[in-house]
Structures are given as C-alpha cells and as structure tokens.
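The values are calculated or read from the model by the stated rules, or taken from the named source; none is laboratory data. All values reported here derive from a predicted model rather than from experimental measurement. Here the Cβ positions follow ideal geometry from the backbone for every residue, glycine too, while neighbour counts run over all protein chains shown.
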Amino acid sequence: MVWTKMLLKMTIASGLAGGLMLFGSATNARPYDRDSCNQNVQRWGQKLDRDIDRHGVNSRQANHDRHELNEARESCQRRFGDDWHNHHDNDHDYDRR
C-alpha cells in the first residue's frame, strides 16, 4: 500500500514536470516560427521560379511547386493571420501568368 501511494505521487510529479518542460520550451520557440514560415514560403517561391525557367510555366514540376507554395502560404496565414508576410513576400509567380 505504501509503495502504491509513492508510485502514484511519483507519477503525478513526473507528469507535471514533463508538462512544464513541454509548455516552457514551446514558448521559447515561438518567435522563430514566423521566420521559419517566411523562409519556407521563400524556398518554395525560389523552387517555383527555377522550375518555371527549366520546365515551363505549366509544367508538372511548376504546378507541384505552385501547389506547395500555396500550401505554405495558407499554413502561415492560419498560424499568424494576415500580417505574416510583411516585408517577406517576394512572389514573382503572378507576373508570369
């Protein structure tokens, strides 16, 4: 009976400690999320530009990159709202259509 109570207390204490570490680390990583979102969008934009130059505007590769670029933008939009792309959105795809 004594071991059961001690095991229960240790389980609760380790669960609380794990929860605090999980939420504590999540708040520290938050400022970098917006930058990583912008970098992801920029990478897909660069890949799209490269594949348009190599394979053409309506190629399979360009269509795939265009889809991934839109997915990355929507993900940033969902996470950060309308102002996620201030001074970072370098979309050159619209002037090629």
May I ask you to list pairs of residues, at least six apart or on different chains, whose Cβ atoms are under 6 Å apart, with the first in the range 50-67 being surrounded by fewer than 19 Cβ atoms within 10 Å (Cβ to Cβ) and the second being of a type in the set (S, T, N, Q)?
-> H55/Q61
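Results for (1) at pLDDT below 90; (2) of a type in the set (F, W, Y); (3) on the phi < 0 side of the Ramachandran plot, shown as yes or no for each residue.
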site	(1), (2), (3)
W3	yes, yes, yes
L22	yes, no, yes
R34	yes, no, yes
Q39	no, no, yes
L48	no, no, yes
I52	no, no, yes
R66	no, no, yes
N86	yes, no, yes
